[in-house]
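Values quoted throughout were computed directly from the atomic coordinates according to the rules given, and no laboratory measurement underlies them. Just so it is clear, the model here is predicted, and its values are computed rather than measured. Counting neighbours? That spans all protein chains shown, and the Cβs are built from the backbone with ideal geometry, glycine included.
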Amino acid sequence: MKNNQLISPEICAQWITEGRTLIVAADGPILKTLPKGNWVGGSIPYFMTEEGGALNREQVFVTDLTTEIQDFSIKAYGAQELKQMLDDRPENGFSYLLMPAFQEVQTNYALQISQNPKLFDVPTLGWVTGVVWGEVAQPLVVNGQDGAVYTDQLLALHAQLAAEQYAELSIVNIYEQNDGPKIQFLEDGYQVEDCLIDGEKQNFLSYLQEHQIDMEYPLVGDFGGAQLNTSIYQAEEAATAVSFASPVFQSQIYRFAKTIENRQAAFKAKLPPKTETTLVAYNCVANFMQLGGEENYTQGYHYPFTFGEIAYLVLNQTMVILDIKK
């Protein structure tokens, strides 16, 4: 993927001063050192290259949009300004979003904007920024045009395409619902205590513990025929609530995912071949950790591993691919 490369901060700075339009993923302190220019950045230190996946705090991963788009604008949005973001998207193009993990802006996007019918009018993609897993640090985004660093705002690069082009999103998800109990939640949100298991009210954490559920496997909901994942982020014995990496919805029926004997092989089988139309991809950090991320099991694709994937909705344990077609 010639538009997607892992490079040194010095080369990235040179590209910025040349006026290139870039999406940059790197460890947060590196992002803050880059010069002003036509770029947006998000804190992520995990990447997939031809050599395989790795934690890398010295280099930056760059997606170069310079020759791929006709025009662009960059804008930051607070948690209460997300409806305006929908209106600012280009008529023919796509909007690439970066938003910090564990913030109100992520919650509002996932719970409110996901329910707005306007969302699906324009291809909308991106990812949730993060830090080294287990490290106490603040995920962030950077507006390269003015150098502003945000820990609580969504940053959008609105990209206009040529009239004869269009953007197409696809996802790679190896998980599907098992035939176990139906799980329904009593409210929308990122954290729950009680739920309905086949119609019977139970504490969800107690259910997970009593049935020794393997929490590497996500909950899977059927969203209009699309099987979409919700990962369990935290389920501690001392607590009574369970936290998720993306929200659950009261209107959905969930089941846990089917067990997969070889998840890496299953991913390879579902991955579409990379073509000349492929512009960008990104994958979940959970897949890095659980599928043998040190190996390049997505041959030909180079990308960051993220703390949540956006393909209109906020997803987990999923790979997202953007193609630009005519």
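For this structure, a couple of remarks:
- In order along the stretch 290-297, the Karplus-derived 3J(HN,Hα) couplings, from 6.51 cos²θ - 1.76 cosθ + 1.60 at θ = phi - 60°, round to 9, 10, x, x, 5, 8, 8, 8 Hz, and Gly and Pro are given as x.
- Residue-count net charge about Gln202 - beta-carbon cut-off 11 Å; Lys, Arg +1, Asp, Glu -1: -4
- Neighbour-limited loop hits for trypsin sites (Lys or Arg not before Pro), the stretch 245-295 (at most 15 other Cβ within 10 Å; DSSP other than H, G, I, E, B): Lys258
- Relative contact order of the stretch 183-256, defined on C-alpha pairs under 8 angstrom at six or more residues apart (%): 39 percent
- Annotation: amide H-H contacts under 5 Å for Gln145 (H modelled 1.01 Å from N, sequence separation of 5 or more, or interchain): Gly37, Trp39.
- Overall, the stretch 183-256 carries a charge dipole of about 200 debye about its Cα centre when +1 sits on the Cβ of Lys and Arg and -1 on the Cβ of Asp and Glu, all other atoms neutral.
- Fewest-first sequence of Trp133, Trp127, Trp39 by Cβ atoms within 10 Å of each Cβ: Trp133, Trp39, Trp127
- GNM on the chain, alpha-carbon springs under 10 angstrom: the most fluctuating residue among Gly144, Gly130, Gly292 is Gly292.
- Measuring between alpha carbons in the structure, the pairs from Lys83/Lys268; Lys83/Lys258; Lys2/Lys325; Lys2/Lys83; Lys118/Lys268 lying more than 26 angstrom apart are Lys83/Lys268; Lys83/Lys258; Lys2/Lys83; Lys118/Lys268.
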